[in-house]
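Asker: Sharing a structure with you now.
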Amino acid sequence: MSNVPGPPDEPAGPRDGRAQTLAGSITLDSVREEDLPTLCQWMNNIDDLHLWTTRRRPIIYEDLESDIRRRCRTGLFTVIRDTKTREVLGFLDGTLRERHGIAEFEVYVPDTRRLRRGLWGIYRFVSHLFASYPLRKVYCQTYAYNHNVVRLLEASGFVKEGSFKDFTWWRDRYWDMFAYSLERETLEAIQRGEGRIGRLRKLMTDSGRFSDYTMDRG
Ligand SMILES: CC(C)(COP(=O)(O)OP(=O)(O)OC[C@H]1O[C@@H](n2cnc3c(N)ncnc32)[C@H](O)[C@@H]1OP(=O)(O)O)[C@@H](O)C(=O)NCCC(=O)NCCS
């Protein structure tokens, strides 16, 4: 019986072979000057704002750029990049609360084609955080209507720890916000090959396409 929560155990299927190629093709990287227009465009996309922020209005690009620069200096802002083309595919951002042994993060992959960019982006980001800081657990909060992220977090081994009732307004009513967490012990179990994500990771590390701590600094 696995200690890693997640979707029901399934044997590796055709998508997993495809995922082997895909996981090798993303890398986590720092923001470059040329990424800023794309990042600002994503962060101002009013169709997506409700998915990841309580902000409901666009901001002028100059302010967004300085916000991103500030996040890079003081936070954990990291881009998900295509290893070959260097194109930016998404981003992760978060805050460390070292004194409490926790970190919080959010993830954004706008071209959502279920290519496991979110999954491996989170896995690498979280592995990097646990390897670099004395953290007990990592949190990700999401709104109850954001089913994709709920599924993504559950597929990544996160468990729902609690919820904030009627936290945000969207469309016609208030919605809860869920707090998901992943503990250090769960990550270690994944790294031992437990759960669906542990088996996928093992498939890929065994074939040499994946390394847990690859943080390409370019
Ligand atoms: C949520 C998001 C990051 C998913 O990115 P993605 O790269 O498409 O997701 P992945 O391919 O890595 O999905 C991994 C797993 O999550 C689950 N999942 C993700 N998207 C899903 C969807 N649309 N439907 C069903 N399951 C989904 C599946 O279990 C999937 O594994 P599988 O394909 O092997 O079954 C992306 O949709 C996004 O950025 N949305 C907008 C921003 C946002 O909501 N951010 C959250 C703020 S915390």
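The values are calculated or read from the model by the stated rules, or taken from the named source; none is laboratory data. A quick note: this is a predicted structure, and the numbers were derived from the prediction, not measured. Cβ: placed from backbone, ideal geometry, glycine included. Neighbour counts: every protein chain shown.
Asker: Of everything in segment 173-211, what is part of a loop (DSSP other than H, G, I, E, B) and within 30 Å of Tyr145 (Cα to Cα)? Give them in sequence order. Even if it seems obvious, please write down each step before you answer.
Answerer: Narrowing segment 173-211 to residues part of a loop (DSSP other than H, G, I, E, B): 192-194, 207-211.
Answer for segment 173-211, where residues must be part of a loop (DSSP other than H, G, I, E, B) and within 30 Å of Tyr145 (Cα to Cα): just Glu194.
Asker: In segment 139-172, which residue that is of a type outside the set (Gly, Ala, Ser) and at positive phi is modelled with the highest pLDDT?
Answerer: Across segment 139-172, the extreme among qualifying residues is Asp166.
Asker: Looking only at segment 175-183, decide whether some residue is within 12 Å of Tyr123 (Cα to Cα) and either in contact with a strand residue (DSSP E or B) (Cβ under 8 Å, 6 or more places away or on another chain) or touching a residue at least 12 places away in the same chain (Cβ under 8 Å) (or both).
Answerer: For segment 175-183, residues within 12 Å of Tyr123 (Cα to Cα) and either in contact with a strand residue (DSSP E or B) (Cβ under 8 Å, 6 or more places away or on another chain) or touching a residue at least 12 places away in the same chain (Cβ under 8 Å) (or both): present.
Asker: Kindly indicate whether any position in segment 121-133 is part of a loop (DSSP other than H, G, I, E, B), at pLDDT 95 or above and away from the ligand (no atom under 14 Å from the Cβ).
Answerer: yes
Asker: I need the full set of residues from segment 134-154 which are part of a strand (DSSP E or B), within 12 Å of the ligand (Cβ to nearest atom) and more than 12 Å from the chain's Cα centre (by Cα), in order please.
Answerer: Answer for segment 134-154, where residues must be part of a strand (DSSP E or B), within 12 Å of the ligand (Cβ to nearest atom) and more than 12 Å from the chain's Cα centre (by Cα): just Tyr143.
Asker: Moving on to the next point. Does Leu119 satisfy the criteria of being of a type in the set (A, V, I, L, M, F, W, C), under 21 Å from Glu194 (Cβ atoms) and touching a strand residue (DSSP E or B) at 6+ places or on another chain (Cβ under 7 Å)? I'd like the intermediate steps shown before the answer.
Answerer: Values: of a type in the set (A, V, I, L, M, F, W, C): yes; under 21 Å from Glu194 (Cβ atoms): yes; touching a strand residue (DSSP E or B) at 6+ places or on another chain (Cβ under 7 Å): no.
Considered against the rule, which asks whether it is of a type in the set (A, V, I, L, M, F, W, C), under 21 Å from Glu194 (Cβ atoms) and touching a strand residue (DSSP E or B) at 6+ places or on another chain (Cβ under 7 Å), Leu119 comes out as no.
Asker: Here is a further query. Considering segment 104-120 alone, what residues qualify as being of a type in the set (A, V, I, L, M) and either more than 6 Å from the ligand (Cβ to nearest atom) or within 12 Å of the chain's Cα centre (by Cα) (or both)? Reasoning before the result, please.
Answerer: Applying the first criterion (of a type in the set (A, V, I, L, M)) to segment 104-120 yields 107, 109, 115, 119.
Val107, Val109, Leu119 - these are the residues of segment 104-120 that are of a type in the set (A, V, I, L, M) and either more than 6 Å from the ligand (Cβ to nearest atom) or within 12 Å of the chain's Cα centre (by Cα) (or both).
Asker: Output the number of residues of segment 100-115 satisfying the condition of being surrounded by 23 or more Cβ atoms within 10 Å (Cβ to Cβ) and either charged (D, E, K, R) or assigned to a loop (DSSP other than H, G, I, E, B) (or both).
Answerer: Going through segment 100-115 one residue at a time, the tally reaches 1.
Asker: Mind listing whichever residues of segment 83-104 are touching a Ser or Thr at 6+ places or on another chain (Cβ under 6 Å) and over 14 Å from Tyr133 (Cα atoms)?
Answerer: Within segment 83-104, Thr83, Val88, Leu92 meet the criteria.
Asker: More than 13 Å from the chain's Cα centre (by Cα), modelled with pLDDT of 95 or more and hydrophobic (A, V, I, L, M, F, W, C), is that true of Val88?
Answerer: yes
Asker: Pick from segment 70-99 the residues that are assigned to a helix (DSSP H, G or I) and free of Cβ contacts under 8 Å to residues at least 12 places away in the same chain: which of them is surrounded by the fewest Cβ atoms within 10 Å (Cβ to Cβ)?
Answerer: Across segment 70-99, the extreme among qualifying residues is Arg99.
Asker: Further question on the same structure: So which residues in segment 154-169 are closer than 14 Å to Trp52 by Cα and touching a strand residue (DSSP E or B) at 6+ places or on another chain (Cβ under 7 Å)?
Answerer: Residues satisfying the conditions are Phe167, Thr168.
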